[in-house]
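> The structure that follows is given in the form of structure tokens.
The values are calculated or read from the model by the stated rules, or taken from the named source; none is laboratory data. Bear in mind that the values here come from a model prediction, so they are computed numbers and not experimental data. Cβ sites come from the backbone with ideal geometry, for glycine too, and all protein chains shown count toward neighbours.
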Amino acid sequence: MIVANGSAGTQLQDVDIIRQAKQSLDPAQVGELVSLATQVETHFDGLPQDIEWLFAAGKLWLLQSRPITNLPPPPLDNVSWDVPEPNAYLGRSQLVEHIPDPVSTLFEDLHMKRSLQHYWG
């Protein structure tokens, strides 16, 4: 683990096997942290926050909060999809692992459309 070395720096310290298996936070601390995170997000009108925090001297401290800037896009609304052909077998395979190069239209038509669908029904 990384610990303060007493002169405004840090040092690496070995951790014994018993301490390695121990949870970093106890259930009460987890609850306190969840409460703080919820309060911070509420304070910023529900905008998800990246917070930095620490427990010191038995107290939880909020060091910094900033908006999360790399959130995934929101899910699409009102999306519809029509089956490309009646009774087609729709599946996902990793054919690209076996055939990594571009394929010809003839290969796509004969193998991917006709052969595979024939065997898959």
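> Which residue is farthest from VAL40 (Cα to Cα), if the candidates are limited to region 55-91 and must be among the polar types (S, T, N, Q) and assigned to a loop (DSSP other than H, G, I, E, B)?
ASN87
> Please verify whether ILE17 is of a type in the set (Val, Ile, Thr), within 22 Å of the chain's Cα centre (by Cα) and at pLDDT 90 or above, treating the condition exactly as stated.
no
> While we're on this one: Filter region 41-74 for residues that are without any contact (Cβ under 8 Å) to a residue 12 or more places away in the chain and of a type in the set (Asp, Glu); which is nearest to ALA4 (Cα to Cα)?
GLU41
> Determine whether region 78-89 contains at least one residue that is hydrophobic (A, V, I, L, M, F, W, C), under 30 Å from HIS118 (Cα atoms) and surrounded by 10 or more Cβ atoms within 10 Å (Cβ to Cβ).
Yes, region 78-89 contains a residue that is hydrophobic (A, V, I, L, M, F, W, C), under 30 Å from HIS118 (Cα atoms) and surrounded by 10 or more Cβ atoms within 10 Å (Cβ to Cβ).
> Does SER7 meet the test of being surrounded by fewer than 10 Cβ atoms within 10 Å (Cβ to Cβ), closer than 19 Å to TRP61 by Cβ and either in contact (Cβ under 8 Å) with a residue 40 or more places away in the chain or polar (S, T, N, Q) (or both)?
No: the conditions fail for SER7.
> How many of the residues in region 90-114 are surrounded by fewer than 10 Cβ atoms within 10 Å (Cβ to Cβ) and modelled with pLDDT of 75 or more?
Total satisfying the criteria: 6.
> Does at least one position in region 31-47 carry a residue that is in contact with a Ser or Thr (Cβ under 7 Å, 6 or more places away or on another chain), over 30 Å from SER115 (Cβ atoms), outside the structural domain of SER115 (by TED's automatic domain parsing) and not in a loop (DSSP other than H, G, I, E, B)?
Taking every residue of region 31-47 in turn, at least one turns out to be in contact with a Ser or Thr (Cβ under 7 Å, 6 or more places away or on another chain), over 30 Å from SER115 (Cβ atoms), outside the structural domain of SER115 (by TED's automatic domain parsing) and not in a loop (DSSP other than H, G, I, E, B).
> Given the structure, is GLY31 within 27 Å of SER65 (Cα to Cα) and surrounded by 11 or more Cβ atoms within 10 Å (Cβ to Cβ)?
For GLY31, the condition - within 27 Å of SER65 (Cα to Cα) and surrounded by 11 or more Cβ atoms within 10 Å (Cβ to Cβ) - is met.
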